[in-house]
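Below is one structure; the comments refer to it alone.
The values are calculated or read from the model by the stated rules, or taken from the named source; none is laboratory data. As the structure is a prediction and not an experimental result, all values here were calculated from the model. Positions of Cβ are generated from backbone atoms using ideal geometry, with glycine treated the same way; all protein chains shown enter the neighbour counts. Please note that ligands, DNA and RNA were not included when accessible areas were found on the heavy atoms of the full protein model with its side chains. Shrake-Rupley method; radii C 1.70, N 1.55, O 1.52, S 1.80 Å.
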Amino acid sequence: MYINKFYSFFILYFIFCFTKSQHIKDSLSYRNIDDVIITGQYSPQSLAKSIYQVEIISEQDIKNRAASTLADVLNYNLNFLVVPKQDTGDSQVSLFGLNGQYFKVMIDNIPLVSDNGMGNTIDLTKINLDNVEQIEIVRGSMGVDYGSNSLTGIINIITKKKIPEKWKISGYAQEESVGNEYDWKEKGRHIQSLEVSHNLSNKWFISAGINSNNFQGFFDNKEGKRYYENDGKRGYEWLPKQQWNANALISFKSKNFSAFYKVQFLDEIIKYYNPIVKYAPLYLGGLYTYSSTDRDYNTQRWLHHVFLKTRFFNQIDYNGDFSYQEQNRKYRDYIYDIGKREVFNFKNPYKSYAKTEAWYNRGTFSNFIKSKILDFQLGYEINLIEGFRAANSASIAGLNVSGFQEDVRKHLDNYDIFISSEIRTNVGLSLRPGFRSSFNSKFENQYSYSFAMKYELSKLSDIRAEFSSSNRTPNFDELYTYFVDTNHDIQGNSDLNPEKGYSTAIHWNQKIISNNDLKTSFNLSTIYIELKDKIELSTVSIVPLHYKYINIDKYSSWGIQGGNSFQYKNIDFSLGASVFGISRKLNDNINGIHVTVPNDKYLYNFQLNSNVNYTIQKWETTISIYYKYTGKESGYIYDSNSDSFYLGKQEDFNQLDASIRKYLFKNKIEITAGVRNIFDIKNVNTTAAQSGAHQGPISSINLFYGRSYFLKLGFNLDF
């Protein structure tokens with residue numbers, strides 16, 4: 001039913017666009033306003049010239065939403081889903097049904113460090129958007145350009161590196177309720193930011209900024225840290241967290257040479273309040289009191305990035321990125337005296353339970369031939385990673401399926417070379433084949449292939465097609481987990497093979513400009529993704545019960561996604577929709593019986609999103625509305641009671657945000673107010689989510705904390 005509706009929807013739009021285009025003049029001016037993009041390009045160029053299909057989230061869109069983190073904006077994009085974890089305060093995100101291990105999150109082309117390497121399983125709530133110029137998204141495999149673990153796509157965050165003025169000082173304060181909970185001290189979300197930028201000369205530029213994001217948690221049906229009844233209500237439904245983000249940049253630019261050094265720092269503290277309350281003396285001879293053993297989680301992340309762009313032999317362009325990153329995850333336990341409302345004695349020092357250090361260097365050489373028809377690019381990538389896990393780090397992090405009985409410290413290094421070429425013909429056809437060879441310190445050599453093409457049907461219409469392969473290397477937990485006691489036998493597998501996958505996509509883009517200031521763009525895409533040797537935690541023995549990570553699964557996804565945007569005078573309107581199906585072949589040994597879930601049936605999900613921006617120029621005011629519908633989902637779940645799989649389902653839900661943004665005093669003051677989650681969604685009922693390895697389904701997932709309101713006051717001073 002969803003597929004029939006979807007095809008009907010796009011057939012009508014195709015007829016509309018084709019009919020309109022017969023009466024519209026070509027316009028070069030419409031092309032000139034295209035955004036400049038970086039992702040997947042030899043050098044920055046307009047969106048219209050890119051062979052790859054690239055989506056853009058602009059700075060203005062981020063401001064209209066009053067978004068502070070990457071999670072605030074991605075949840076409204078098609079086929080993305082951000083799921084928070086109440087036990088640790090982190091979040092997980094999926095794209096096309098695959099989790100964050102299969103797409104890369106980058107900042108200025110640098111993969112961001114994480115618990116399991118670089119660029120993957122990134123907590124999007126830990127990425128601040130204050131200094132962001134735009135966000136670029138490529139869906140589908142980018143294995144040749146950006147290496148392994150990029151099967152479903154790339155998210156590239158482009159930061160600001162210049163200003164038109166001599167000086168610019170900007171900042172804001174934002175107050176936001178968390179559901180219906182808010183006060184100045186212990187409830188709500190409180191954000192402050194300050195940014196200073198200065199052009200020292202026509203070649204030198206510096207900037208620095210700092211941001212504080214204090215999320216006071218969400219009580220819902222819990223009673224907070226001062227509650228003393230032992231009935232499971234102590235603590236928070238969503239854990240409180242305090243984030244500090246800081247950044248600094250110094251850049252130099254001349255005719256044939258440019259460079260910058262950028263540093264970013266994150267410090268986050270998440271507070272966990274134990275629901276188990278004890279009534280006992282805290283020390284010998286003391287009075288009886290209520291107490292609980294609580295915990296602070298601390299994440300510190302440093303990112304150092306040096307970029308060089310120069311020209312050799314007055315022709316060959318070199319772009320080089322050099323980065324050192326470190327992420328340290330720590331915890332400390334302490335006893336909270338509920339009766340006295342204070343910490344007993346002192347908090348223990350922080351101890352590291354997961355740490356990643358990474359050295360990264362990526363360089364590309366291009367413009368070998370002075371030709372408008374042919375160019376090619378040679379590149380290399382060096383990735384040196386050291387990972388650390390403390391004993392029992394999984395239980396420390398709130399996980400329940402794996403752990404380490406002793407400290408583990410391992411290296412995982414990668415050395416890649418890649419090559420691609422761009423062939424541009426005079427008939428509007430552009431071709432880009434590519435190849436990457438990856439040499440890993442642990443695994444056999446891996447190879448990736450790609451072929452992309454773009455054909456201009458007219459000055460306002462084009463077709464793009466892409467084929468690309470990518471592998472995913474096993475992460476730290478899958479390789480080295482070892483948690484064996486009287487009740488558990490869960491082990492990693494150092495003999496795992498990298499997963500292998502590929503994607504294909506076709507995109508059609510049509511722009512329309514009428515004589516009455518109406519501008520319309522239409523796009524239609526179909527994407528297919530296939531993944532082999534997917535790694536799962538599987539039962540390999542019943543007596544004794546033994547779990548192990550092995551290469552067993554096959555996964556495929558395909559579907560259609562499209563959208564339409566209209567610009568008419570002061571109104572911007574967009575509408576998008578997608579239907580994607582997922583097929584999984586699960587092979588497992590359950591109680592000595594080989595169980596197979598057939599992969600010949602795709603389980604489909606329908607999604608719809610839309611946004612409207614209306615600008616009242618006389619009042620310098622913009623009104624914005626954002627909407628997304630996520631349809632019902634299905635998935636196979638293992639039932640331990642019957643030793644079999646069954647088809648679980650997750651209910652559909654709607655999201656709606658609205659805001660109004662106004663400038664005052666010639667854009668010096670900016671006020672934004674709005675409502676998030678107008679439909680007041682909190683939990684989504686589901687029987688299609690697994691609680692752990694072969695532990696059966698859960699009944700619901702907590703996605704949001706209800707309807708909330710925000711007010712943001714900002715200032716922009718330039719001189």
Would you check which residues across the stretch 617-641 are touching a Lys or Arg at 6+ places or on another chain (Cβ under 9 Å), open to solvent by 20 Å² or more (accessible area, probe 1.4 Å) and either aromatic (Phe, Trp, Tyr) or at pLDDT below 95 (or both) and list them?
-> Trp619, Glu620, Lys632, Glu633, Ser634, Tyr636
Find the residue count for the stretch 336-365, including only residues that are within 25 Å of Met106 (Cβ to Cβ) and part of a loop (DSSP other than H, G, I, E, B).
-> 0
Conditions (1) under 16 Å from Glu133 (Cα atoms); (2) in contact (Cβ under 8 Å) with a residue 12 or more places away in the chain; number of the one not met by Val83 = (1)
Scan the stretch 278-300 for residues that are within 17 Å of Gly224 (Cα to Cα), over 28 Å from the mean Cα position of the chain (by Cα) and surrounded by fewer than 19 Cβ atoms within 10 Å (Cβ to Cβ) and jot them down.
-> Lys278, Thr293
Counting just the residues of the stretch 121-140 that are farther than 20 Å from Gln174 by Cβ, of a type outside the set (A, V, I, L, M, F, W, C) and open to solvent by less than 10 Å² (accessible area, probe 1.4 Å), which one comes out farthest from the chain's Cα centre (by Cα)?
-> Gly140
Go through the stretch 665-715 residue by residue and tally those that are in a strand (DSSP E or B) and modelled with pLDDT of 95 or more.
-> 16
Restricting the stretch 557-598 to residues that are open to solvent by 10 Å² or more (accessible area, probe 1.4 Å) and hydroxyl-bearing (Ser, Thr, Tyr), the residue that is modelled with the highest pLDDT = Ser574
Which of the residues that make up the stretch 263-298 are in contact with a Ser or Thr (Cβ under 9 Å, 6 or more places away or on another chain), of a type outside the set (Val, Ile, Thr) and assigned to a strand (DSSP E or B)?
-> Gln264, Leu266, Asp267, Glu268, Tyr272, Lys278, Tyr279, Ala280, Pro281, Tyr297
Could you name every one of the strands (runs of 3 or more DSSP E) located completely within the stretch 429-530 that has at least 2 residues being exposed (fewer than 15 other Cβ atoms within 10 Å of the Cβ)?
-> 429-440, 446-458
Quickly run through the stretch 184-198 and pick out the residues that are more than 18 Å from Leu239 (Cβ to Cβ) and either among the acidic types (Asp, Glu) or modelled with pLDDT of 95 or more (or both).
-> Gln192, Ser193, Leu194, Glu195, Val196, Ser197, His198
Counted residues in the stretch 310-319 being assigned to a strand (DSSP E or B) and surrounded by fewer than 17 Cβ atoms within 10 Å (Cβ to Cβ) come to 5
Residues of the stretch 101-110 being more than 16 Å from Asn383 (Cβ to Cβ) and either open to solvent by 10 Å² or more (accessible area, probe 1.4 Å) or at pLDDT 95 or above (or both), which ones?
-> Asp108
Of the residues that sit in the stretch 126-161 and are β-branched (Val, Ile, Thr) and in contact with a Leu (Cβ under 8 Å, 6 or more places away or on another chain), which one is nearest to Asn211 (Cα to Cα)?
-> Ile127
Here are some residues: Val113, Val83. Which one is surrounded by 21 or more Cβ atoms within 10 Å (Cβ to Cβ), among the β-branched types (Val, Ile, Thr) and over 23 Å from Gly714 (Cα atoms)?
-> Val113
Do we have Asp34 as within 30 Å of Tyr663 (Cβ to Cβ), modelled with pLDDT of 90 or more and either open to solvent by 30 Å² or more (accessible area, probe 1.4 Å) or of a type outside the set (A, V, I, L, M) (or both) here?
-> no
Val196: open to solvent by 20 Å² or more (accessible area, probe 1.4 Å) and either among the β-branched types (Val, Ile, Thr) or in contact with a Ser or Thr (Cβ under 8 Å, 6 or more places away or on another chain) (or both), yes or no?
-> yes
Exclusive hit being more than 30 Å from Gly706 (Cα to Cα) and either surrounded by fewer than 21 Cβ atoms within 10 Å (Cβ to Cβ) or touching a residue at least 12 places away in the same chain (Cβ under 8 Å) (or both), set Glu186, Glu175, Glu165 = Glu165
For the stretch 221-244, what are the residues that are part of a strand (DSSP E or B) and either open to solvent by 50 Å² or more (accessible area, probe 1.4 Å) or under 14 Å from Gly179 (Cβ atoms) (or both)?
-> Trp238, Trp244
If the Cβ limit is 7 Å and pairs must be 6+ apart or interchain, which residue in the stretch 346-367 that is farther than 30 Å from Glu422 by Cα pairs with which residue that is crowded, with 18+ Cβ neighbours inside 10 Å and of a type in the set (Val, Ile, Thr)?
-> Tyr353/Ile396; Thr356/Val113; Thr356/Ile385; Ala358/Val113; Ala358/Ile385
Filter pass, Glu342 being among the charged types (D, E, K, R) and without any contact (Cβ under 8 Å) to a residue 60 or more places away in the chain | yes
